[in-house]
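The values are calculated or read from the model by the stated rules, or taken from the named source; none is laboratory data. Owing to the predicted nature of the structure, the values given are computational and were not obtained by experimental measurement. Cβ sites come from the backbone with ideal geometry, for glycine too, and all protein chains shown count toward neighbours. Ligands, DNA and RNA are excluded from the accessible area calculation, which covers all protein heavy atoms including side chains. Shrake-Rupley method; radii C 1.70, N 1.55, O 1.52, S 1.80 Å.
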Amino acid sequence: MSYQERNTWAYGVIAVLGYAAYLLVVLSRADGGPLTDVAYAGPLLACTGAAVLAGIVAGAVLGALSPDRGLRDEREREIERLGAHVGQSFLVLGGVAGLALSLAEADPFWVANALYLGFVLSAVLSATARLVAFRRGVGPW
C-alpha cells in the first residue's frame, strides 16, 4: 500500500471519528431536550480542530515511515483529482444547504450543522472514491 493510499485511509477514518465524537457530545448534552438549546459551538470547533490536527500528525507519521512518500505517478495524480471532484460536490451541497437554511431563518444550530455535515461528507466520500480508485483503477494507462 502506497503512502497516498495509507494517508487517504487516515483522512477518511479521522473525518468519521471526528464527526462521531461531535455527535456523541451534542446528543449527550441534549439529554432529551431540543437540539437547538445545546451549546454546540465549542464541541464543533474542538472536533474540527482535533480532526485537522490528527490529519497533520497522521500525515507526518505516515510520511516519516514511508520511503515512497514523495513519489507520485500519473495514476496517483488522477486518483487525487477524482477524489477532489467527488468531494467538492458534497462541499457545494453543504454550502447550499447552509445558505438555504440561513435564508429560511433557521436556527443557527441547523445552519452550522448542515455546513459541518457537508465538510464531513466531502471528506468521507472523497476518501472513499480514492480508495476505490486505488483498488480498481481510474482508467486505461
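Considering each of Leu35, Leu53 in turn, give the residue that is under 23 Å from the mean Cα position of the chain (by Cα), open to solvent by 80 Å² or more (accessible area, probe 1.4 Å) and of a type outside the set (Lys, Arg). First the steps, then the outcome.
Values: Leu35 fails: open to solvent by 80 Å² or more (accessible area, probe 1.4 Å).
Exactly one of Leu35, Leu53 is under 23 Å from the mean Cα position of the chain (by Cα), open to solvent by 80 Å² or more (accessible area, probe 1.4 Å) and of a type outside the set (Lys, Arg), namely Leu53.
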- prompt: If only one of Val111, Val86 is within 20 Å of Tyr19 (Cβ to Cβ), within 15 Å of the chain's Cα centre (by Cα) and touching a residue at least 12 places away in the same chain (Cβ under 8 Å), which one is it?
  reply: Val86
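Sort out which residues of segment 60-92 are in contact with a helix residue (DSSP H, G or I) (Cβ under 6 Å, 6 or more places away or on another chain) and assigned to a helix (DSSP H, G or I), and write them in order of number. Break it down stepwise before answering.
At the first step, the residues of segment 60-92 found to be in contact with a helix residue (DSSP H, G or I) (Cβ under 6 Å, 6 or more places away or on another chain) are 62, 66, 68-69, 76, 79, 82-83, 86-87, 90-91.
Within segment 60-92, Leu62, Glu76, Ile79, Leu82, Gly83, Val86, Gly87, Phe90, Leu91 qualify.
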Where a residue in segment 19-32 is over 15 Å from Val124 (Cβ atoms) and its partner, wherever it lies, is surrounded by 12 or more Cβ atoms within 10 Å (Cβ to Cβ) and aromatic (Phe, Trp, Tyr), with Cβ under 6 Å and at least six apart: Val26/Tyr40
field: Count - residues of segment 38-48 that are within 25 Å of Ala127 (Cα to Cα) and open to solvent by 40 Å² or more (accessible area, probe 1.4 Å)
entry: 3
task: Would you please list the contacts, defined by Cβ atoms under 7 Å and residues six or more apart or on different chains, that run from a residue in segment 37-66 that is free of Cβ contacts under 8 Å to residues at least 12 places away in the same chain to a residue that is surrounded by 12 or more Cβ atoms within 10 Å (Cβ to Cβ)?
output: Ala39/Arg29
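Looking at segment 60-79, is at least one residue open to solvent by 50 Å² or more (accessible area, probe 1.4 Å), under 23 Å from Gly18 (Cβ atoms), under 14 Å from the mean Cα position of the chain (by Cα) and modelled with pLDDT of 90 or more?
Going residue by residue through segment 60-79, those that are open to solvent by 50 Å² or more (accessible area, probe 1.4 Å) are 60-61, 64-65, 67, 69-75, 77-78.
Imposing the further condition that a residue be under 23 Å from Gly18 (Cβ atoms) reduces the set to 60-61, 64-65.
Filter once more, so that each one left must be under 14 Å from the mean Cα position of the chain (by Cα): none.
No, there is no match, as no residue in segment 60-79 is open to solvent by 50 Å² or more (accessible area, probe 1.4 Å), under 23 Å from Gly18 (Cβ atoms), under 14 Å from the mean Cα position of the chain (by Cα) and modelled with pLDDT of 90 or more.
Filter segment 106-141 down to the residues that are β-branched (Val, Ile, Thr) and within 13 Å of Leu91 (Cβ to Cβ) and list them by number.
As a first pass, look at segment 106-141 and keep what is β-branched (Val, Ile, Thr): 111, 120, 124, 128, 132, 138.
Correct list: Val120, Val124.
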